[in-house]
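For reference, the structure discussed in these notes is given below.
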Amino acid sequence: MRTAERSVATRTSRVLALAIVAAAASVATACHQSAKAAEPSATIAGADANRGAAAIERIGCGTCHMIPGIQYAEGLVGPPLEHWSRRTYIAGEVPNTPGMLVRWIETPQAIEPGTAMPNLGVTEQTARDIAAYLYTLH
Ligand code: HEC
């Protein structure tokens, strides 16, 4: 009887150990996939990250945001945009996908009416270029 109990216990802990290993493996896979999805050239057709960086400077996103690699982009009105490719949400509202980011840059007020980020009259092509640049921030 005692032997049977022990073997059930052993089996249970083995199953648990396997479950933990499986969970760890799936977390590792998920991280790997999200890192891949952040490659700008693969996800935003026709966009140019260098053009995006120039547009960020011209428009002045840096008056409100800290943006690595952009001169004088040290604003504290909006959140810092460092590590953008690893962020899960945009403004805590919608998933951080290329399509949503382009829309956010064009018309943040359409995604979150009343947000402190104004619509800045950014065209779709420029928004795509800017999004490509933000996704280079790993
Ligand atoms: C007048 C200040 C202001 C300007 C200019 C501005 N933003 Fe914002 N931005 C904000 C604020 C404030 C938020 C936070 C909005 C919220 O959470 O509702 C924000 C949010 C964002 C977010 C989401 C940040 C996060 O942590 O989820 C991105 C991306 C972004 N802005 C990009 C840009 C880009 C690109 C430009 C230039 C085209 C720009 N912003 C110009 C104020 C500004």
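Rule-based calculations on the coordinates, nothing more; no lab input. Computed from a prediction, not measured in an experiment: that's the story for all the values here. Here the Cβ positions follow ideal geometry from the backbone for every residue, glycine too, while neighbour counts run over all protein chains shown.
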Pair list, Cβ under 6 Å, 6 or more apart: segment 57-77 residue under 17 Å from residue 138 (Cα atoms), other residue more than 9 Å from the ligand (Cβ to nearest atom) and not charged (D, E, K, R): 67/73; 68/137
Selection count where residues are within 9 Å of the ligand (Cβ to nearest atom) and within 16 Å of residue 63 (Cα to Cα), scope segment 103-121: 5
Out of 103, 58, sole residue that is assigned to a helix (DSSP H, G or I) and either surrounded by fewer than 16 Cβ atoms within 10 Å (Cβ to Cβ) or at positive phi (or both): 58
Any hit, segment 43-54, residues being in contact (Cβ under 8 Å) with a residue 60 or more places away in the chain, over 16 Å from residue 138 (Cα atoms), in contact with a Phe, Trp or Tyr (Cβ under 9 Å, 6 or more places away or on another chain) and among the acidic types (Asp, Glu): yes
Selection count, segment 122-136, where residues are near the ligand (Cβ under 10 Å from one of its atoms) and either among the β-branched types (Val, Ile, Thr) or in a loop (DSSP other than H, G, I, E, B) (or both): 3
Positions within segment 63-97 being near the ligand (Cβ under 8 Å from one of its atoms) and in a helix (DSSP H, G or I), in sequence order: 63, 84
